[in-house]
1. If I filter region 108-116 for residues that are surrounded by 15 or more Cβ atoms within 10 Å (Cβ to Cβ) and touching a Leu at 6+ places or on another chain (Cβ under 8 Å), do I get at least one hit?
2. Return yes when residue 63 is within 22 Å of residue 99 (Cβ to Cβ), outside any strand (DSSP E or B) and in contact with an Asp or Glu (Cβ under 6 Å, 6 or more places away or on another chain) and no when it is not.
3. Please tell me if residue 59 is open to solvent by less than 60 Å² (accessible area, probe 1.4 Å) and at pLDDT below 95.
4. Name the single residue, out of those in region 96-107 being of a type outside the set (A, V, I, L, M, F, W, C) and open to solvent by less than 10 Å² (accessible area, probe 1.4 Å), that is nearest to residue 69 (Cα to Cα).
5. Can you find even one residue in region 139-146 that is open to solvent by 90 Å² or more (accessible area, probe 1.4 Å) and either charged (D, E, K, R) or touching a Ser or Thr at 6+ places or on another chain (Cβ under 8 Å) (or both)?
6. One residue is enough: does region 122-137 have a residue meeting the conditions farther than 30 Å from residue 95 by Cβ and either in a helix (DSSP H, G or I) or within 22 Å of the chain's Cα centre (by Cα) (or both)?
7. Where residues in region 17-33 are closer than 15 Å to residue 152 by Cα and small (Gly, Ala, Ser), which of them is surrounded by the fewest Cβ atoms within 10 Å (Cβ to Cβ)?
8. When both residues are 6+ apart or on different chains and their Cβ atoms are under 8 Å apart, which pairs have a first residue that lies in region 88-108 and is closer than 18 Å to residue 11 by Cβ, and a second that is open to solvent by 30 Å² or more (accessible area, probe 1.4 Å) and of a type in the set (Asp, Glu)?
Amino acid sequence: MVLGNRVKPGDTVLCLGTGGVSIHAMQFAKAAGARVVVTSSSDEKLERARSLGASAGINYKTIPEWDKEVARLTGGRGVDHVIEIGGVGTLARSYQSIGFGGKIALIGFLGGSAGEQNPYALMMKGGSLFGIGVGSTAMFEEMNRAIEVNGIKPVVDKVFPFDRAADAFQAMAAGDFFGKVVVAGP
């Protein structure tokens, strides 16, 4: 993580979804010695995440109150970090999922950006919400060192030739991928 949000050995990290950002975050968290819980709408994707090192998976279609399952999986303690990609649509459950002093890294708004959120649960847990955008050159270099030292390889699910870029966007919109979708140049 960044800006004082470093994952430590023994931490528990919740990664929302099985797209490129979440799976890459899972890889970094595992390399840092964390336990990782992943959410997905697909049991197949959860199994694939487990094969890559996730400790547990929660299907949010079959368990819509996934924050309660996070509490169960952590013995009621909650997680130390959440990789939040849903935005307003999932923030309330992320607030409930953190333990005392937990941190939420807000990286995306896949659920849209409109709406209101009551940060009461975040406040009561002494939690923090951090917006994550593009990092600095120093952060990029540090990330690349971590990738090299830990042998992290990006998870690429589908590769489309440049002339089929529209198909790549269609696969992404359908959620028909795990990890990254790549459009290769001409």
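1. Checked against the condition, which is being surrounded by 15 or more Cβ atoms within 10 Å (Cβ to Cβ) and touching a Leu at 6+ places or on another chain (Cβ under 8 Å), region 108-116 yields no hits at all.
2. Answer is yes for this residue.
3. When the stated conditions are applied, residue 59 does not pass them.
4. Here the residue is 97.
5. Yes - at least one qualifying residue is present in region 139-146.
6. yes
7. Once the filter is applied, the top-ranked residue is 33.
8. 98/80; 99/80; 101/80; 102/80; 103/80
The values are calculated or read from the model by the stated rules, or taken from the named source; none is laboratory data. Only a predicted model underlies this, so the values are computations on that prediction, with no experimental measurement involved. No Cβ is skipped: glycine too gets one built from the backbone with ideal geometry, and neighbour counts run over all protein chains shown. Accessible surface areas use protein heavy atoms only, side chains included; no ligands, DNA or RNA. Shrake-Rupley method; radii C 1.70, N 1.55, O 1.52, S 1.80 Å.
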